[in-house]
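Single-structure report; data block below.
The values are calculated or read from the model by the stated rules, or taken from the named source; none is laboratory data. Predicted model only: the values in this text are computed from it and were never measured. All Cβ positions, glycine included, derive from the backbone under ideal geometry; neighbour counts span all protein chains shown. Heads up: the accessible areas ignore ligands, DNA and RNA and are worked out on the full protein's heavy atoms, side chains in. Shrake-Rupley method; radii C 1.70, N 1.55, O 1.52, S 1.80 Å.
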Amino acid sequence: MKLASLPQGRDGRLIVVSNDLAWYADADHIVPTMQGLLDAWDRHAPQLEALAIELEHGAIPRKRFHEREAAAPLPRAYQWADGSAYVNHVELVRKARGAELPESFWTDPLMYQGGSDDLRGAREPLVLPDEAWGGDFEAEVVVVTGDVERGATREEALAAIRLVGLVNDVSLRNLIPGELGKGFGFVQSKPASHFSPVFVTPAALGGAFDQGKLALSLSVDLDGKPFGRLHADEECTFDFGVLIAHLARTRRIGAGSIIGSGTVSNRDADGSPGRPVAEGGRGYACIAEQRMVEQILHGEARTPFLRHGAVVRIEARDAAGRSPFGAIEQTVVAG
């Protein structure tokens, strides 16, 4: 089952989307919003699954689905927590700040809690008031949970995953060192995140979502040119069961919480930090990684952070080239 929200009020209007992302059917007569569905999943999900089957067979009224018209599937959420499933990314970015990677990072996930009151759609502009702030994209996988009890096991956490999608977790790199230097985490350096037009149930992804990892390719383009051609399941140190259980260690997690994987990151086959796509490598899911590799190889970072007018596109594809979540595509604007 594939779900999306169209703009309406603060929490959007729930729709069911066809497997090819071409059509949708209104679902608000069953449950008005995505959050309402997540609050009463066992009651409403079977009804929506039936509606999705009818949509696929053309048995009910349908309308054209346009990704550009979709809001964030959850325009505001009770929680948005982002983890560190790809430790390779954490290691490279810390090196860029001159910080060492503690050995514990390979066994104990990092996680921060971001702003969840203003979540943006896939085609909304990426607002960067000041280019000097070092605007960067971060292509990630996300899941949305039902209720999770405090102290949940990895298996219980996996069972609580309701939906899967993508996010551009925007970072302002030049503001991060000053904030972290205070010893109290991100605030100003983490503006609004942008989510894929469609969220998908794990069952609808089949073998592409197995044991808490998304086994799809992830394409990242900057200004129409390939920037990253990655594999989301490779070098994923922590699956989503581990990340959710980490968050639930000391508290309950409410239905409608969004958990991020952290920036997808792959090394080259020889174990090196990776090469740009233009040089035959897999590239990167954020600018900061490419700048770090340039610093290692050339003694300086050469790729600039985002400029006004730049266009970022993030999309996952299966082996047949299909895009299950739709694309995040944004133009960087001053505001």
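Computed with a 1.4 Å probe over protein heavy atoms only, the accessible surface of the chain comes to 43 Å² per residue. Structural descriptor for the stretch 16-112: relative contact order 26 percent, calculated from alpha carbon pairs under 8 angstrom and at least 6 residues apart. Could you sort out which of K95/K225; K2/K182; K2/K190 sit more than 32 Å apart by Cα distance in this structure? Where the Cα-Cα span goes over 32 Å, the pairs concerned are K2/K182. For the chain, what are the DSSP H helices with axial Cα length of 18 Å or more and mean Kyte-Doolittle hydropathy of at least -1.0? Within the chain the helices that satisfy the rule are 41-56. Here the relative contact order of the stretch 59-130, from alpha carbon pairs under 8 Å that lie six or more residues apart, stands at 49 percent. A Förster radius of 45 Å, combined with the Cβ-Cβ distance separating K182 from V311, puts the computed FRET efficiency at roughly 0.85. For a test of the definition: using alpha carbon positions, the gyration tensor, and the 1.5 limit on a/c, classify the stretch 1-67 as rounded, prolate or oblate. Note, shape of the stretch 1-67 comes out oblate.
Converting phi to 3J(HN,Hα) with the Karplus coefficients 6.51, -1.76 and 1.60 and the offset θ = phi - 60°, the stretch 164-172 yields 10, x, 10, 9, 9, 8, 5, 10, 10 Hz in sequence order, with x at every glycine or proline. The trypsin sites (Lys or Arg not before Pro) of the stretch 1-34 meeting both criteria, a DSSP state outside H, G, I, E and B (loop) and at most 15 other C-beta atoms within 10 angstrom of the site's C-beta, are R10. For the chain, the fraction of 1.4 Å probe accessible surface lying on carbon and sulfur atoms is 48 percent.
Across the stretch 121-129, computed HN-Hα scalar couplings (Karplus, 6.51 cos²θ - 1.76 cosθ + 1.60, θ = phi - 60°) run x, 5, 10, 6, x, 8, 7, 10, x Hz from first to last residue, x flagging Gly and Pro.
The distance linking the stretch 217-282 with the stretch 45-114 is 11 Å (Cα centroid to Cα centroid, whole angstrom).
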